Amino acid sequence: MKIVGIGAMVSVGLLVTGCGGSGSKSARPEPSISRLPNKLDRPGPRPEGELQPSPAADAPFAAHLEYELRKKTLTLANATGEVTAKCPENVGSKKGTSVVCTSNYKGVEVEWDVAIGEKSAWSDNYVTYTATPREGIITKEGVQRIIFGNGGDSVDHIRCNDIPEAVAVPMGPTQYTCQEVMKDGKLYYPQPMRATEDGPRAY
């Protein structure tokens, strides 16, 4: 049974004084940008091919569902590496079935609310389903991938506060922030990282 799823640049103000005139004014320094403590470089390429191991075609339905959740968890983290998933062994492909499954990535466990839908219109061997994570995941690799992906070749490196290898967080804004350091030395203001179903995002 198969399933388908839907270098910081700091501005310095110079004190300008007139020659004894009472109306002379001093220029205010422009605000400087704080440099976050941890440097992260560009991530390596993603591995090619399908996630392994994958279930055999005649494997139990639960095994196919767990495989799909493993892939979704890597999307949630926007990262690579080992991931496991577990669903109730007796879960079936009947429409209307609802179960809670769990996945684990680098010690971070995420619960998924899974609902089984209609059989596919083009094959009885496929069913539709929805899988909604109860939490998001922020990963160091995911942050690297999204920021370097957005900034392109002009980004030299990024600097972040203390982002773990992986951590479960509520969906939405988090306490984790990062900033771009460009190849020309320009340092951008820190941006909060957000957890989404499509992985960490910076906005």
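Numbers at a glance
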| read-out | value |
| --- | --- |
| Inter-site label distance for Y203 and K119 at 7 Å from Cα along Cβ, in nm | 4.1 |
| Extension reserve of the E111-M182 stretch, reckoned as 0.36 nm per residue once the Cα distance is removed | 21.8 nm |
| J(HN,Hα) series, segment 63-80, from Karplus relation 6.51 cos²θ - 1.76 cosθ + 1.60, nearest Hz, glycine and proline x | 5, 5, 5, 4, 4, 4, 6, 4, 5, 5, 5, 5, 5, 4, 8, 6, 9, 10 |
| Spin-label pair T102/S154, simplified geometry with 7 Å Cα→Cβ offset, distance in nm | 4.6 |
| Heavy-atom SASA rank of E118, E141 (probe 1.4 Å, accessible area, largest first) | E118, E141 |
| Contour excess over end-to-end distance, with Cα ends at K94 and E165 and 0.36 nm allotted per residue | 21.8 nm |
| Pairwise FRET efficiency - E135 versus A63, Cβ, R0 = 41 Å, nearest 0.05 | 0.95 |
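The values are calculated or read from the model by the stated rules, or taken from the named source; none is laboratory data. Just so you know, these numbers come straight off a predicted model, no measurement behind them. A quick note on method: Cβ atoms are made from the backbone with ideal geometry, for glycine too, and the neighbour counts reach across all protein chains shown. Protein only, heavy atoms only, side chains kept; ligands, DNA and RNA dropped before computing areas. Shrake-Rupley method; radii C 1.70, N 1.55, O 1.52, S 1.80 Å.
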